[in-house]
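The values are calculated or read from the model by the stated rules, or taken from the named source; none is laboratory data. Being a predicted model, the structure only gives us computed values, none of them experimental. All Cβ positions, glycine included, derive from the backbone under ideal geometry; neighbour counts span all protein chains shown. To get the accessible areas, we keep the full protein, side chains included, count just its heavy atoms, and leave off ligands, DNA and RNA. Shrake-Rupley method; radii C 1.70, N 1.55, O 1.52, S 1.80 Å.
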Amino acid sequence: MQERGQIEKLLENVKLCRSPGPLHPGNLYPIPPRRRNFLPTALPGYRKSGRVRFAALSLLLAFASGANPPPPPFAQRFEQIRDTATPDELYRFLWALPKGGDIHNHHEYSVPPEEWLRLAERGSTKYLVRTGLSLCGPAAAELPQFVTLRTATVQALPACVQKDFTPLTTLTPPQRAAWLSALRLDQPGEGRDEFFHRLVLRTADLESDPALVTELIVYQLRQAAAENIVYLETQADPRGFVRPDGSPMPWSESAALFRRRLAQPDAIAAGVAARLQVAVLRFSPSAEQSLADAFRFVHQSRDLWVGVNLVGREDIPAGRATRFTAAFRDLRRRYPDVRLSLHAGESDHPGSEVRDTLALGAERIGHATNLISDPTTMRRLSGGRTLIEVSLVSNHLLGYVPDPARHPFPHYLRAGIPVCLNTDDRGAYDSNLTDEYFLALTHFHLSWPELVQLGRDSLKYSFAEPALKSALLARYERNIASFQARFDTPAWRAEIRSVQPIVSGYAARFLSLPRHDMISPRN
């Protein structure tokens with residue numbers, strides 16, 4: 001009511017400044033001196049000369065009458081493209097779209113298996129792959145087929161199990177193809193059990209090789225740059241690395257390797273800023289101690305590591321958020337500068353996981369697919385400071401939302417909950433961030449402001465330090481402006497066809513698009 005009264009007052013003042021008759025520029029007169037103070041200087045179109053522009057008054061009258069504000073300049077062109085482009089054209093358009101950041105992804109599973117294989121074959125450490133499957137004891141049962149281990153690890157296994165292993169460099173073409181497939185969800189019927197209980201175990205010793213892991217960070221930067229992503233916040237844990245002789249590597253030494261690799265010219269040339277998180281396996285018996293170590297490390301390494309994450313299945317009782325209430329209270333008191341992005345609500349059953357995780361101090365929530373079953377918590381998050389990190393492809397392939405068209409993402413977005421799109425495990429899913437945007441746009445009829453806000457919020461809610469965040473947001477806005485200028489033309493189809501996307505395996509399988517090759521391992 002107060003706002004309405006202010007508008008009416010402004011309109012009354014406008015009436016005093018024009019002659020009777022239809023409202024048009026010829027009927028506007030200079031504002032009498034005694035009346036100038038009634039019009040705020042912030043009113044659009046106000047001049048010190050005392051003349052109010054006709055356009056400003058029209059907008060004011062339209063607002064007062066309840067009319068919808070005019071659409072953003074590019075919105076109509078975007079709607080034309082969205083509603084009439086072919087799937088191939090739409091994918092090209094979204095490939096070129098500036099996308100802000102990818103802030104929810106697991107480094108080890110975000111690069112193609114081909115890259116793991118290429119680097120491991122050329123490295124100094126010798127690896128073996130379990131190509132056989134002898135059942136000769138507990139050790140044999142615990143190691144999935146195609147698990148990859150260094151020579152010393154294999155030599156410590158029972159002799160009957162050692163016979164199952166083949167040197168990585170001597171795999172036959174069928175064995176290589178099977179190894180690559182084993183690191184992807186690319187077969188019918190594969191889902192969360194295959195992913196969590198077998199696939200993530202197969203990289204094994206590869207993940208403790210600092211030469212491989214740091215090199216693959218740079219590959220991730222090139223992947224991001226190809227899709228017009230300006231910021232990567234990935235979960236890359238410096239713990240557990242070993243030296244070539246097999247001895248444990250201290251955190252400080254492994255962190256120095258990350259810093260050194262990201263400071264090299266090819267990493268800088270990618271043009272993508274990178275910050276890292278430390279991830280803690282939530283159902284591990286030693287998770288509390290691991291959390292304490294992670295908080296302390298991030299506190300001491302804020303130049304590159306910016307947050308802590310809880311990962312792993314919540315449907316295992318030991319992984320529930322309530323287990324960590326006391327630990328997080330203590331650690332947040334001791335390390336207030338450590339940011340928290342925590343997985344929660346990655347479930348196809350109703351539950352309080354998101355609410356419980358917010359109680360731990362989470363600033364961002366990963367997935368939150370079952371938040372839709374908790375309207376009280378949804379209302380709490382509406383217009384708030386907590387972002388939901390949505391991964392449509394992941395939720396589809398792992399079966400948490402088998403039909404992407406029924407994902408709760410648009411309900412969160414349109415309820416005013418901050419959201420952004422992310423890749424999660426793009427290497428294991430053979431997907432990319434363009435796939436996420438394609439699914440969101442085609443299933444949920446996003447508007448241009450909604451599309452832009454997704455990218456903007458991915459940067460706004462990132463854990464990048466303030467100076468970097470400001471620079472990234474400014475860069476994003478410039479990129480959006482250039483994008484609009486490029487495609488706001490009657491010849492937009494020709495412009496779109498000039499875009500050369502890298503169509504993922506996921507898009508080829510589920511979006512009926514022709515497959516294109518992955519990016520080159522070198523610029």
Name the residues of segment 83-122 whose amide N is less than 20 Å from a point 7 angstrom out from the Cα of Arg493 along the C-beta direction?
-> 83-96
Compute the separation of the alpha-carbon centres of segment 207-225 and segment 164-184 and state it in Å as a whole number.
-> 21
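At 1.4 Å probe radius, can you tell me the per residue accessible area of segment 374-515 in Å²?
Values: 5410 Å² over 142 residues.
Here the per-residue accessible area is 38 Å².
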At R0 = 30 Å the Cβ-Cβ FRET efficiency linking Glu121 and Asp293, nearest 0.05, sits at 0.35
Under a plain spin-label model, where a point goes 7 Å from the Cα along Cα-to-Cβ, how far apart in nm are Lys163 and Ser482?
-> 6.1
Over segment 102-149, what is the relative contact order in whole percent, taking alpha-carbon pairs under 8 Å and six or more residues apart?
-> 31
With Cβ to Cβ distances under 11 Å as the rule, what net charge do the other residues near Tyr335 carry (K, R +1; D, E -1)?
-> +4
So which aspartates and glutamates pass the test for Lys126, namely a Cα distance under 18 Å, with those fewer than 8 places away in the same chain ruled out?
-> Glu114, Glu115, Asp164, Asp205, Glu207, Asp209, Glu215, Asp245
Which FRET efficiency value, to the nearest 0.05, is calculated for Ser286 and Asp315 with the Förster distance at 22 angstrom and r the Cβ-Cβ distance?
-> 0.60
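When Lys and Arg each count +1 and Asp and Glu each count -1, what net charge do the other residues less than 14 Å away from Phe165, Cβ to Cβ, add up to?
Details: positive: Lys126, Arg130, Arg150, Lys163, Arg202; negative: Asp164, Asp205.
That sum, taken over residues with Cβ under 14 Å, equals +3.
Could you tally the net charge around Gln80, taking each other residue with its Cβ under 11 Å from the Cβ of Gln80, Lys/Arg +1 and Asp/Glu -1?
On the way: positive: Arg77, Arg82, Arg493; negative: Glu79, Asp83, Asp488.
Its environment carries a net charge of 0.
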Taking the dipole about the Cα centre of segment 397-523, with the C-beta of Lys and Arg at +1 and of Asp and Glu at -1, give me whichever of Leu398, Pro408, Thr442 is farthest to the positive side.
-> Thr442
Gap separating the Cα centres of segment 71-148 and segment 349-413, nearest whole Å | 22
With every protein chain in place, what's the accessible area of Lys126 (1.4 Å probe, Å², nearest 10)?
-> 120
Run the accessible area of segment 388-523 with a 1.4 Å probe and give the carbon-and-sulfur part as a rounded percent.
-> 54
If you take the beta carbon distance between Ser512 and Arg198 as r and set R0 to 30 Å, what does 1/(1 + (r/R0)^6) give as a FRET efficiency, to the nearest 0.05?
-> 0.55
Phi to ³J(HN,Hα) by Karplus 6.51 cos²θ - 1.76 cosθ + 1.60 over segment 179-192, Hz, x for Gly, Pro = 5, 5, 5, 5, 9, 9, 8, 10, 10, x, x, 6, x, 5
Measure of size requested: the Rg and Dmax of segment 428-523, with Cα atoms as the atom set and Å as the unit; please supply both.
-> 15.6, 42
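Within segment 220-367, what whole-number % of the accessible surface is contributed by carbon and sulfur, with the 1.4 Å probe and all protein chains included in the calculation? Intermediate results must be reported in sequence, preceding the final value.
On the way: 3120 of 5760 Å².
The C+S portion of the solvent-accessible surface of segment 220-367 is 54 percent.
As an exercise, identify the trypsin sites (Lys or Arg not before Pro) in segment 146-235 lying in DSSP coil whose Cβ has no more than 16 other Cβ atoms within 10 Å. It would help to have the intermediate numbers written out before the result.
Values: sites: Arg150, Lys163, Arg176, Arg184, Arg192, Arg198, Arg202, Arg222; in loops: Lys163, Arg184.
Of the trypsin sites (Lys or Arg not before Pro), the ones in loops of segment 146-235 whose Cβ has at most 16 other Cβ atoms within 10 Å are Lys163.
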